[in-house]
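Asker: Could you have a look at this structure, given as structure tokens, before my questions?
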Amino acid sequence: MDFSNIPFLLSVWILPIIIAVTLHEAAHGWVAYRLGDHTAYMLGRVTFNPVKHVDPFGTLLMPGLMLLLSGGKMMFGYAKPVPVDIRNTTNPRRDMVLIAAAGPGANILIALISALCFYLLPLLPQDVDLWVAHNLANSIRINIILCVFNLLPLPPLDGGRIAVGLLPRPLALRLASLERYGMVILLGMIFLVPYIGGMFGLNLNIFWYLVGVPAEVLTEFIVNLTGIIN
């Protein structure tokens, strides 16, 4: 990796990831507020101010490490979860689904807007259009990955909460009981399983098949839908 290129790489990754995680969490808080739970609002989390949502490790350290380890090809992160007390809503099971879906929904919307903004590039000066194009491309990539990743049906991810809200009660309770182990399962899936597979010459990159492949399909769909590549 050319370390002299790090300032440029940071400049085209940091803004998209901060916008992605900030609006993702703000969407959760806003929908919760509209449905009767004011917990996030009272804590100042229903805001576009990234300072309120930034997690030192998930929004700053981890993305920076991923940028270095991937040779400048990928950056991913997360923000502080928005607190929600589902008991304050009128229909807890339904509203849990709506609140959880708001985050990934916001990411899809940002990805679509980022794609459409490519049509504005000809209006920009030549010395900035390339920089903006990199930001927009990374915004599409980050938001789609964040959306797909969060839709995995495992608590505490949004997809897990959606599944808990939709499944019959006995199955929902079983799935909800996995929440305390959710992050351990995810870390094992992302890092441990591929490592063990590599020891035996096997490609067990589960994360790629569960997140990478759907993200590529969704990216292609958005690109074709907006017509930004003819």
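Read-outs: derived from the displayed coordinates by stated rules, not from any lab. What you see is a predicted model; the values in this text were computed from it and never measured. Glycine gets a Cβ as well: all are built from the backbone with ideal geometry, and neighbour counts include every protein chain shown.
Asker: Taking 0.36 nm per residue of sequence separation and subtracting the Cα-Cα distance, how much length would be gained by fully extending the chain between L130 and L60, in nm to one decimal?
Answerer: Here the segment from L130 to L60 would lengthen by 22.8 nm.
Asker: With mean projected area of the Cα convex hull in nm² in mind, check (1) 11.3; (2) 15.0; (3) 12.3 and report the label derived from this structure.
Answerer: (2)
Asker: Taking the chain as a Gaussian network, Cα atoms linked when under 10 Å apart, which of A172, A106, A20 shows the biggest mean-square fluctuation?
Answerer: A172
Asker: When ranked by the protection proxy of mean other Cβ atoms within 10 Å per residue, highest first, what sequence do the peptides 119-125, 147-153 form?
Answerer: My ranking of the peptides, most packed first, is 147-153, 119-125.
Asker: What's the extension gain from A172 to W208 if we count 0.36 nm per residue and subtract their Cα-Cα distance? Could the numbers behind the result be given before it?
Answerer: Values: separation 36, 0.36 × 36 = 12.96 nm, distance 2.66 nm.
That pair, A172 and W208, stretches by 10.3 nm at full extension.
Asker: So, one more: Sort K52, K80 so that the residue with the fewest other Cβ atoms within 10 Å of its own Cβ comes first and the one with the most comes last.
Answerer: Taking fewest neighbouring Cβ atoms as first place, the list is K80, K52.
Asker: Can you give me the C-alpha center-to-center distance between region 194-230 and region 91-170, rounded to a whole angstrom?
Answerer: Spelled out, the Cα-based centre of one part sits 16 Å from the other.
Asker: Still on this structure, please answer the following. At 15 angstrom or more along the helix axis (alpha-carbon based) and mean Kyte-Doolittle of 1.0 or higher, what helices does the chain contain? Whole DSSP H runs only.
Answerer: Helices meeting the span and hydropathy rule in the chain are 6-34, 92-116, 213-226.
Asker: Take the alpha carbon gyration tensor of region 98-226, find the square roots of its eigenvalues, order them as a ≥ b ≥ c, and report rounded if a/c is under 1.5; if not, report prolate when a/b exceeds b/c, else oblate. Each step should come with its number before you reach the end.
Answerer: Numbers: a/c = 3.07, a/b = 1.60, b/c = 1.92.
In terms of gyration-tensor shape, oblate.
Asker: Kindly provide the helix-only [θ] at 222 nm of the chain, computed as the sum of -39,500 (n - 2.57) over DSSP H runs of four or more divided by all residues, to the nearest 500 deg cm²/dmol?
Answerer: Calculated mean residue ellipticity at 222 nm is -19000 deg cm²/dmol.
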